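Visitor: Input: one structure, supplied below.
The values are calculated or read from the model by the stated rules, or taken from the named source; none is laboratory data. Everything numeric in this text was worked out from a predicted model, so none of it was measured. So basically every Cβ, Gly included, is an ideal-geometry build from the backbone, and we count neighbours across all protein chains shown. These accessible areas exclude ligands, DNA and RNA; they are computed on the full protein's heavy atoms, side chains included. Shrake-Rupley method; radii C 1.70, N 1.55, O 1.52, S 1.80 Å.
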Amino acid sequence: MGRYTVVITGASGSVYGLRLIEQLAVAGHEVAVILTQAGREVMAYELEFDLPTEDTAVALTRYLELPKDTQLRVAYECDLFDPLASGSHPVDAMIVCPASMGFCAALAGGLARDLPERAADVALKERVPLILVPRETPLSLVHLRNLTALTEAGAIVCPAMPAYYHRPTTIDDLVNFVVGKVLDLLGVEHGLFVRWGE
Ligand SMILES: Cc1cc2nc3c(=O)[nH]c(=O)nc-3n(C[C@H](O)[C@H](O)[C@H](O)COP(=O)(O)O)c2cc1C
């Protein structure tokens, strides 16, 4: 089974990150989750889900209705002593979903000021697959240059841009499309959308 890191930043669309965590956990993978402070606040606003700072993994497991034996761990934004801060800690892939423009700028600048930035910086240097799911519109030249630099450094930019050719009828359908594309990139099987031609 795989070992994945999922970061939820303060871009709109924490629902994408939560659906991704749910899918990876249900598929039996080990998932380490980090939320930035802005990520927590935007999630509380958009989903009315105020993740507690203690027993966070238990609260997340309950919210996502995951089985009790789910391998879910929550690491803390300010904890630079967490294993995820080191390249010696094995990880199969890291996904920042949603990824704020602020996060992308910090990563493109190599700042590594906190655990999410450091873990992503480590993924780039160790050539561990790093998928960024930005959500911003329109995009400024600064945003585009940062996303270009990150692509050049090896990250995959997979924007939260749902398609309409599968004829979505609910918000869930739109969320599932974006998360399904991320799972496709990871090579994780899913049934989140019907593929074109099937
Ligand atoms: C309700 C709300 C929605 C936001 N949506 C976005 C967004 O879609 N994309 C983005 O890049 N920033 C968005 N922001 C701004 C980020 O939260 C802000 O830049 C923050 O500093 C990002 O911090 P982080 O990268 O540490 O999570 C939003 C902020 C709020 C309060």
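Visitor: Would you mind finding the one in TYR63, TYR16 that is at pLDDT 95 or above, aromatic (Phe, Trp, Tyr) and under 27 Å from THR148 (Cα atoms)?
Guide: Values: TYR63 fails: under 27 Å from THR148 (Cα atoms).
Within the list TYR63, TYR16, the selection yields TYR16.
Visitor: In segment 94-125, what residues are touching a Ser or Thr at 6+ places or on another chain (Cβ under 9 Å) and more than 22 Å from VAL42 (Cβ to Cβ)?
Guide: Matches in segment 94-125: VAL122, ALA123.
Visitor: Return the residues of segment 1-58 that are of a type in the set (Val, Ile, Thr), closer than 22 Å to PHE193 by Cβ and surrounded by fewer than 21 Cβ atoms within 10 Å (Cβ to Cβ); say none if nothing qualifies.
Guide: If the condition is that a residue be of a type in the set (Val, Ile, Thr), closer than 22 Å to PHE193 by Cβ and surrounded by fewer than 21 Cβ atoms within 10 Å (Cβ to Cβ), then VAL26 is the only one that fits.
Visitor: Being within 16 Å of the ligand (Cβ to nearest atom), under 16 Å from the mean Cα position of the chain (by Cα), of a type outside the set (Ser, Thr, Tyr) and over 17 Å from PRO116 (Cα atoms) is true for just one of VAL74, VAL15. Which residue is that?
Guide: VAL15
Visitor: If a residue must be among the acidic types (Asp, Glu) and loosely packed, with under 15 Cβ neighbours inside 10 Å, how many such residues does segment 161-198 contain?
Guide: The qualifying residues number 3.
Visitor: Keeping to segment 77-110, report how many residues are of a type in the set (Phe, Trp, Tyr) and touching a Pro at 6+ places or on another chain (Cβ under 8 Å).
Guide: Number satisfying all stated conditions: 1.
Visitor: Let me ask something else about it. Show me the helices (runs of 4 or more DSSP H) entirely contained within segment 107-198 in which 2 or more residues are polar (S, T, N, Q).
Guide: 141-152
Visitor: Kindly provide the set of residues from segment 96-128 that are of a type outside the set (Val, Ile, Thr) and over 24 Å from VAL15 (Cα atoms), ordered by number.
Guide: Applying the first criterion (of a type outside the set (Val, Ile, Thr)) to segment 96-128 yields 97-121, 123-127.
Within segment 96-128, ALA108, GLY109, GLY110, LEU111, ALA112, ARG113, ASP121, LEU124, LYS125, GLU126, ARG127 meet the criteria.
Visitor: What pairs come out if I take residues in segment 141-162 that are on the phi > 0 side of the Ramachandran plot and pair them with residues that are outside any loop (DSSP other than H, G, I, E, B) and open to solvent by less than 50 Å² (accessible area, probe 1.4 Å) whose C-beta lies under 6 Å away, six or more apart or interchain?
Guide: GLY154/LEU124
Visitor: Same structure, new question: Checking the structure you have, find out if any residue of segment 103-116 is under 25 Å from GLY28 (Cα atoms) and in contact (Cβ under 8 Å) with a residue 24 or more places away in the chain.
Guide: Yes: one or more hits.
Visitor: Let me ask you something else. Determine, yes or no, whether LEU150 is at pLDDT 95 or above, of a type in the set (A, V, I, L, M, F, W, C) and surrounded by fewer than 16 Cβ atoms within 10 Å (Cβ to Cβ). Don't jump to the end; show me each part of the working.
Guide: Values: at pLDDT 95 or above: yes; of a type in the set (A, V, I, L, M, F, W, C): yes; surrounded by fewer than 16 Cβ atoms within 10 Å (Cβ to Cβ): no.
No; evaluated as a whole, the condition is false for this residue.
Visitor: I'd like the full set of residues that are within 13 Å of the ligand (Cβ to nearest atom) and of a type in the set (D, E, K, R), limited to segment 119-163.
Guide: ARG135, GLU136, listed by residue number.
Visitor: Of (1) small (Gly, Ala, Ser); (2) more than 17 Å from VAL133 (Cα to Cα); (3) within 13 Å of the ligand (Cβ to nearest atom), ALA85 satisfies all except one. Which?
Guide: Only one criterion is unmet by ALA85, namely (3).
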